[in-house]
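Note sheet for the following structure.
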Amino acid sequence: MACAAVLFTAVRADAQIYAKLNGLYACVGVINPQVEFGISDHSAFQTEFVYSPWASVRGRHMKFGIFMNEYRYYINNVRSKGRGFYVAADVGMMAFDITRPRLGNGKLVWFDRNYSKGYGFMLGLAVGYEYRFKERWVVDAFIGGAYMNSMYNGYLADGTINMNPHRPPGKEPDSPDPFNGSAETMPCKIGISIGYRIFNPKKQPTETTSSVL
C-alpha cells in the first residue's frame, strides 16, 4: 500500500489512464480488473485485483482474492502507437480458502478434499506485450512468477481443523498446532487483457506573449 501511495504521487498530470479486464481469467469465472497509470514516457504503474468466487470446483475449494501493484518499464515510448514489450515488478497480498496442490514425484498432486484458509504476500517479476489499436483500445498479454509466503490453517474435508498438518521432518511442534506456513516460487499471473483509455488529457496550446513598446 505504501508503494502504491508513493507511485501515485509520481503519476504525471498529463498521464493516460487505461481500465482493463483480463479476458483469459473471465473465461473461467475469475474477475481481474486492472487500472494502468502512466508515470513517464517509458514507465507505468498498474494496480489490480483478482477474485475467484468459486466456493468449490469439483469438490475442491477455489475461493481467493489477490491485491497486486505493478511497476512497468516499457522498451518503447508508452505514447507510441504500438507501446510494445515491457518488464515489470510486482508486490501483492492475498487471502484464500483453497485446496492446496503440491509437487509429488514430479507431478502436481492435490491434497484430496482437504483445504486451507489463510493469507500471505508475494514479490514477483513479469514480462508482457501491450498493443494499442484504434484510438483508445489496447490488448495486453503477460505472464509472471513470484515468491509467495503464506500462513494458514488446514481443514479436513468434513470441516474439522487439522491440528497436526504436514511439516518437514524435524520441524514438528511439541504439541498439536494447526497454524502452518509455506514459501514457494511459482507462476502468479497470466492473461490477455482488453483495455480502454478512460483518461486522455489534451495538449494545452502554447501560450505566447508579446511586448508593447
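Rule-based calculations on the coordinates, nothing more; no lab input. This structure is a prediction, so every number in the text was calculated from the model and none was measured.
In this structure, the amide hydrogen of ILE192, modeled 1.01 Å from its nitrogen in the peptide plane, lies closer than 5 angstrom to those of GLY23, LEU24, TYR25, counting only residues at least 5 positions away or on a different chain.
Counting only residues at least eight positions apart within a chain, or on another chain, the aspartates and glutamates with an alpha carbon under 13 Å from that of LYS20 are GLU36, GLU48, GLU130, ASP140. Fully extending the segment from TYR51 to ARG197, taken as 0.36 nm per residue of separation minus the present Cα-Cα distance, adds 50.3 nm.
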